[in-house]
Structures are given as C-alpha cells and as structure tokens.
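Remarks on the structure that follows.
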C-alpha cells in the first residue's frame, strides 16, 4: 500500500500544502505498527476516538458530578480490550477529570505504560486532524487500511518514574537515543509527557510544526506561521485550551 494522500483542494478556503502533507504522513504512520500496538489496533484506537462522542455512557459520565459514580459499558466499535476502550473514550470526552487513581486502574486491568502513552498520542493526533476538517467544513478522512507488522516494544532506557504518572525521558536527554526529541534542558512537560514512546513525541512535533509552530520557534515571540501573527495565534490557542478545559 502506498502513502495515503490527503487533499484539501475541496475546502472553501485555500489550505497550505504543508498541512495536507503533514496529515498524509500521519495517516501513513497510523496504519502501521507502533511501539506497543499493531497497525490494526491503532486503526481501532482511531475508530474508538471517533465513536467516543457518540457513546451514551460517556455522555452520562460527562453530565454527572463525578464520572466515577457512573457504571456501565461503552458503546464500542472495536474488539480492543475494555481498559483500552475506556482510556480512549475518557481522554476524548472528559480529559480534565482524569486522575492518577484512574490511570493506575487502567494499568491494573492489563494496559502497560507504553500502551497507555501510545493511545494518548493516537487520540491527540486523530482528534487534531478531525478537528481541522470540521473547522474547514470538509468530511473527515476515511481511516487507512492497516498494514501488517509487529510493534517494536521500544522503551527508552533513560525513562524513569519520578516526576509524573508515567515514566519520562529526562529533561537532559543529551547522549541518549532520544536526543532529537528536544534540545537538552530546554523543554516542558507538555512535550516530555509522551517521551516513554518517542515516536509519539516525533509525531507531535511534526503535527505541531504545521498546526502551530516548529518546536524550535516556540520561545521566539516574533515567530509566526501563515496569515496570523503571534499574538493572534496565542489568543486563539488560549481560547481553544479554555474551551477544552485544558488544566495544563
């Protein structure tokens, strides 16, 4: 199978070419085995990401004072393990109320730390691209067909469980195979959060460079991208974060 080509020529407004190219790269990667999930499982995670907003259990939990008081079964569309389905649906529909106890319960039901992080990365990427389509008023892209392959189970030797719920590559990543993820001692938790699965950070960097700014330019207040200046970019980013209840 060749690389999936995503084309925004049908949009009502002009779309920069790098956006379609970046989304195509992600669709190509989504179909293939990652570090902890196969290509078929990654497509299943993407399908559950889209299904979560239609899930009646998630809707009831979202309306409740505490989601942890509502039991039931998710309206699922895959044969992923129940713990994986719950992680996907909760991240999509109620991320601001996730707790460390909830995370630990997911591990107790059989998910590994790496599997959890790869789910997070997949959900973030699919929601980003689907939201871009919604904003343009174009249909969501059909998910690619999965490609056979085996997860590589790669785990950074430097990752440790000291600063967060999940193990992280140290801020000083110099001399490690993950030195390309960020300049040593010059990043934040929002980038390091998925470093237990380095490919998810690389994907985040690729998408962020198109959707926002290349990581190297984030600290430069004069940096901008496309038709918006930097204050306009940050105003929109702040408003979207507030609407999404991003407590970070």
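The values are calculated or read from the model by the stated rules, or taken from the named source; none is laboratory data. Remember, predicted model here, so these are calculated numbers, not experimental data. Glycine gets a Cβ as well: all are built from the backbone with ideal geometry, and neighbour counts include every protein chain shown.
Considering 170, 151, 146, the condition of being without any contact (Cβ under 8 Å) to a residue 60 or more places away in the chain and either assigned to a strand (DSSP E or B) or at negative phi (or both) is satisfied by 170 alone. Here residue 106 does not fit the description of being surrounded by fewer than 16 Cβ atoms within 10 Å (Cβ to Cβ), modelled with pLDDT of 95 or more and either closer than 16 Å to residue 42 by Cα or over 17 Å from the mean Cα position of the chain (by Cα) (or both). Given the condition free of Cβ contacts under 8 Å to residues at least 12 places away in the same chain and touching a strand residue (DSSP E or B) at 6+ places or on another chain (Cβ under 8 Å), answer yes or no: does some residue in segment 225-237 qualify? Looking through segment 225-237, at least one residue is free of Cβ contacts under 8 Å to residues at least 12 places away in the same chain and touching a strand residue (DSSP E or B) at 6+ places or on another chain (Cβ under 8 Å).
To keep it simple, each residue is scored yes or no on (1) part of a helix (DSSP H, G or I); (2) at pLDDT below 95; (3) surrounded by 14 or more Cβ atoms within 10 Å (Cβ to Cβ).
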{"position": "5", "(1), (2), (3)": "no, yes, no"}
{"position": "29", "(1), (2), (3)": "yes, no, yes"}
{"position": "32", "(1), (2), (3)": "no, no, yes"}
{"position": "48", "(1), (2), (3)": "yes, no, yes"}
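Considering only residues in segment 65-102 that are out of contact with any helix residue (DSSP H, G or I) (no Cβ under 7 Å at 6 or more places or on another chain) and in contact (Cβ under 8 Å) with a residue 40 or more places away in the chain, the one that is nearest to residue 165 (Cα to Cα) turns out to be 100.
Return yes when residue 20 is out of contact with any strand residue (DSSP E or B) (no Cβ under 6 Å at 6 or more places or on another chain), free of Cβ contacts under 8 Å to residues at least 24 places away in the same chain, assigned by TED's automatic domain parsing to the domain that holds residue 120 and crowded, with 16+ Cβ neighbours inside 10 Å and no when it is not. Criteria met by residue 20. Quick one: is residue 159 more than 24 Å from residue 31 (Cα to Cα), at pLDDT 95 or above and touching a strand residue (DSSP E or B) at 6+ places or on another chain (Cβ under 9 Å)? Spelling it out, residue 159 is indeed more than 24 Å from residue 31 (Cα to Cα), at pLDDT 95 or above and touching a strand residue (DSSP E or B) at 6+ places or on another chain (Cβ under 9 Å).
For (1) in the same structural domain as residue 34 (by TED's automatic domain parsing); (2) assigned to a helix (DSSP H, G or I); (3) modelled with pLDDT under 90, each residue gets a yes or a no:
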| residue | (1), (2), (3) |
| --- | --- |
| 182 | no, no, no |
| 186 | no, no, no |
| 191 | no, yes, no |
| 207 | no, yes, no |
| 231 | no, yes, no |
| 235 | no, yes, no |
| 241 | no, yes, yes |
| 248 | no, no, yes |
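Let's see how each residue does on (1) surrounded by 13 or more Cβ atoms within 10 Å (Cβ to Cβ); (2) over 19 Å from the mean Cα position of the chain (by Cα):
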| residue | (1), (2) |
| --- | --- |
| 57 | yes, yes |
| 68 | yes, yes |
| 72 | no, yes |
| 77 | yes, yes |
| 85 | yes, no |
| 142 | no, no |
| 149 | yes, yes |
